[in-house]
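Input: a single structure, listed below in structure tokens.
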């Protein structure tokens with residue numbers, strides 16, 4: 001098979017990789033929230049505890065758990081992703097950036113990546129394997 005055909009065939013999987021990126025990102029983000037809210041699968045440092053209800057960290061955990069689940073299943077992806085991109089931008093500049101401008105130094109790599117993945121999803125949508133896509137097909 002010529003390289004151009006291999007390349008073309010590989011590119012045809014892009015919409016499905018789009019959905020996989022959304023699903024995996026949503027799952028990982030949900031885990032960040034459940035760690036803050038329920039100490040699952042592990043609690044927050046230093047004592048594996050949970051966030052105090054009503055604090056900024058607790059609200060972040062709610063956004064991460066609920067928003068991550070919505071991203072994972074692909075429901076209301078664009079507005080939820082936009083909201084979560086904003087949350088990650090705030091998290092980066094409030095908690096990481098004051099330590100150093102470099103994400104590898106300040107521990108903010110995940111916050112930056114989530115911010116841009118969610119920002120991209122807010123424009124690109126959920127992809128074919130999503131509740132949003134199923135809802136769109138029913139209306140058409």
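Values quoted throughout were computed directly from the atomic coordinates according to the rules given, and no laboratory measurement underlies them. Because the structure is a prediction, the values reported are computed rather than measured. Because the Cβ atoms are built from the backbone with ideal geometry, glycine has one as well, and the counts that use them run over all protein chains shown.
Per DSSP H run of n ≥ 4, the term is -39500 (n - 2.57); total these for the chain, divide by its residue number, and report the mean residue ellipticity at 222 nm rounded to 500 deg cm²/dmol.
Numbers: 7 runs with 96 residues, N = 140.
Helix contribution divided over all residues of the chain: -22000 deg cm²/dmol.
In units of the rule-of-thumb radius 2.2 N^0.38 Å, the chain shows an alpha carbon radius of gyration of 1.21.
What ranking do 117, 71, 23 get, fewest neighbouring Cβ atoms within 10 angstrom at the top?
On the way: 117 21, 71 29, 23 18.
So the residues, fewest neighbours to most, are 23, 117, 71.
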